[in-house]
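> This is the structure, below, for whatever I ask next.
Bear in mind that the values in this text are calculations on the coordinates, not laboratory data. Quantities reported herein were computed from a predicted structural model and do not represent experimental measurements. Heads up, the Cβs are rebuilt from the backbone with ideal geometry, glycines too, and the neighbour counts pull from every protein chain shown.
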Amino acid sequence: MQKKKSSNLNNARFLTVEGVEGVGKTTNIIFISEWLEGRGIPYIHTREPGGTPLAEELRSLLLSPRDEQVDATAELLLMFAARAQHIEQVIKPALAKGVWVLCDRFTDATYAYQGGGRNMGFEKIEQLENFVQGDFRPDAVILLDLPVAVGLARAAKRGTLDRFEREAEGFFHRVRDAYLNRAKEKPSRYWLVDAEPPLEQVQVQISETLQRILAEQV
């Protein structure tokens, strides 16, 4: 299917990278950054939750393990509070200057983790998305995908787990299913990458994907 062109008049692109735990987001975001740099494309790298001082404080609240049970609605609202600050203070200003934005997770993660993983469903998330973002959406979502068991085994090797990483395996199956369903429903924005093969093969896929995304500007 033909992918849609950027809605930004200056052709700056808003790229997000998504996936369950252990898919290699950090490593591959570094690869994407180097790919952009190698082509002289101005960009910033940011993350969610986070990206601004206030949003980073909210990130710490959201990810830190705690004895208190965090209510799913409270978690959802904190996610969107951080996102509202991030969009207005970082993402939109960069795009307005013609700078690409490369973001580690965005609202699709909320659909996957809170909507799917927490079994909240998607109606409330969609309402908050429209309230906070209006019609603002990423131009392209690079979804790194692999079996949950493989991802969790990789994540366990990193050391200390955050509050989300400590969830049961069933949680992550629901997260993955939500991601894959959104990719099927919104093929104009999603680019699926098989993250299970060796890193070199994964990055060949990513490079080909980025070439196609860049070609949409022409």
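> Residue by residue through segment 174-191, which ³J(HN,Hα) values in whole Hz follow from phi under the Karplus form 6.51 cos²θ - 1.76 cosθ + 1.60 (θ = phi - 60°), with glycine and proline marked x?
With the stated coefficients, segment 174-191 comes to 5, 4, 4, 4, 5, 4, 5, 5, 5, 4, 5, 6, 10, x, 6, 10, 8, 10 Hz.
> Return the FRET efficiency for the residue pair Ala215, Lys97: r is the Cβ-Cβ distance, R0 is 30 Å, and the value is rounded to the nearest 0.05.
Numbers: r = 23 Å, r/R0 = 0.76.
Plugging the Cβ-Cβ distance into 1/(1 + (r/R0)^6) gives 0.85.
> For Gly51, which sequence-distant residues (separation of 5 or more, or a different chain) have an amide H within less than 5 Å of its own amide H, given hydrogens modelled in the peptide plane?
Hits under the 5 Å cutoff: Glu56.
> Please get the size of the charge dipole for the chain, origin at its Cα centre, with Cβ charges of +1 on Lys and Arg and -1 on Asp and Glu, quoted in debye to the nearest 20. The partial results should precede the final answer.
Numbers: 28 positive and 31 negative charges, 104 e Å.
Computed charge dipole of the chain: roughly 500 debye.
> Using modelled backbone amide H atoms (1.01 Å from N, in-plane), which distant-in-sequence or interchain residues come within less than 5 Å of Tyr190's amide H?
Amide H neighbours of Tyr190: Val141.
> Within the chain, what's the longest run with no GluC sites (Glu not before Pro) in a DSSP loop and at most 15 other beta-carbon atoms within 10 Å? Give the range, please.
That would be 69-215.
> Figure the gain on full extension for Ser188 and Arg166 (residue separation times 0.36 nm, minus the Cα-Cα span) and round it to one decimal in nm. It would help to have the intermediate numbers written out before the result.
Numbers: separation 22, 0.36 × 22 = 7.92 nm, distance 3.28 nm.
Separation in residues times 0.36 nm, less the Cα-Cα distance, equals 4.6 nm.
> Just to be sure I understand, if you calculate Rg and Dmax of the Cα atoms in Å for this structure, which of (i) 16.6, 52; (ii) 17.5, 51; (iii) 16.4, 49 do you get?
It is the one labelled (i).
> Express the relative contact order of the chain as a whole percentage, based on alpha carbon pairs under 8 Å and six or more residues apart in sequence. Please list the in-between numbers first.
Numbers: 311 pairs, mean separation 74.5, N = 218.
Relative CO of the chain lands at 34 percent.
> Still on this structure, I have one more. ³J(HN,Hα) across segment 80-95 via Karplus (A = 6.51, B = -1.76, C = 1.60, θ = phi - 60°), whole Hz, x for Gly/Pro?
With coefficients 6.51, -1.76 and 1.60, one gets 6, 4, 4, 5, 4, 5, 4, 4, 6, 8, 10, 5, 4, x, 5, 4 Hz.
> Report, by chain and number, residues whose modeled amide H sits under 5 Å from the one on Arg13, excluding near sequence neighbours (fewer than 5 apart, same chain).
Amide H neighbours of Arg13, under 5 Å, 5+ apart: Trp100, Val101.
> Give the residue list of trypsin sites (Lys or Arg not before Pro) in segment 74-170 that are DSSP loop and have at most 14 other beta-carbon atoms within 10 angstrom. Write out the running numbers ahead of the final one.
Details: sites: Arg83, Lys97, Arg105, Arg118, Lys124, Arg154, Lys157, Arg158, Arg163, Arg166; in loops: Lys97, Arg105, Arg118, Lys157, Arg158, Arg163, Arg166.
Answer by residue number: Lys97, Lys157, Arg158, Arg163, Arg166.
> Follow-up question, since we're still on this one. Apply the Karplus curve 6.51 cos²θ - 1.76 cosθ + 1.60, θ = phi - 60°, to the phi angles in segment 161-173 and return the couplings in whole Hz, x for Gly and Pro.
9, 7, 4, 6, 5, 8, 5, 5, 4, x, 4, 6, 5
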